[in-house]
Amino acid sequence: MTAQTDTSGHVTTVYKVTGMSCGHCEGSVSGEISEIPGVTSVKAVASTGEVTVVSEAPLDDEAVRAAVDEAGFELAGRA
């Protein structure tokens, strides 16, 4: 999936993150990604490894990768 812009001008991107196994993992990943400027919401789901990010503009994949790394997990790419 690629980034999609909705009618409100926000961009939704779904990423694949490996290593998440519980709610604490979801919280760690969500917390780090939400620190990226322009991010308005983050929803991580450990069971699927998917992290849905809504932002004001497309995000730099390297910034997302760094945030996921900081949380202790690995960004596998976009879902």
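The values are calculated or read from the model by the stated rules, or taken from the named source; none is laboratory data. Worth saying up front: this structure is predicted, and the values here are computed from it rather than measured. All Cβ positions, even for glycine, are placed from backbone atoms using ideal geometry, and neighbour counts span all protein chains on display.
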**Report entry** Test for VAL17: is it at pLDDT 95 or above, in contact with a Cys (Cβ under 9 Å, 6 or more places away or on another chain), among the β-branched types (Val, Ile, Thr) and surrounded by 14 or more Cβ atoms within 10 Å (Cβ to Cβ)
**Finding:** yes
Query - Complete set of residues in segment 45-60 that are surrounded by fewer than 17 Cβ atoms within 10 Å (Cβ to Cβ) and more than 16 Å from THR12 (Cα to Cα) - result: SER47, THR48
Requested in this report: Within segment 64-79, track down each residue that is within 10 Å of the chain's Cα centre (by Cα) and free of Cβ contacts under 8 Å to residues at least 60 places away in the same chain.
Outcome: VAL64, ARG65, ALA67, VAL68
Query raised in the report: Can you name every residue in segment 3-38 that is under 19 Å from GLU74 (Cβ atoms) and of a type in the set (Val, Ile, Thr)?
Result: THR13, VAL14, VAL17, THR18, VAL29, ILE33, ILE36
Query raised in the report: With respect to ALA76, is the statement that it is surrounded by fewer than 16 Cβ atoms within 10 Å (Cβ to Cβ) and touching a Pro at 6+ places or on another chain (Cβ under 9 Å) true?
Result: no
Query raised in the report: ALA63 versus (1) touching a strand residue (DSSP E or B) at 6+ places or on another chain (Cβ under 7 Å); (2) surrounded by 14 or more Cβ atoms within 10 Å (Cβ to Cβ): which is the lone unmet condition?
Result: (1)
Query raised in the report: Taking segment 1-14 as the search range and keeping residues that are at pLDDT 95 or above and of a type outside the set (A, V, I, L, M), which one is surrounded by the fewest Cβ atoms within 10 Å (Cβ to Cβ)?
Result: THR12
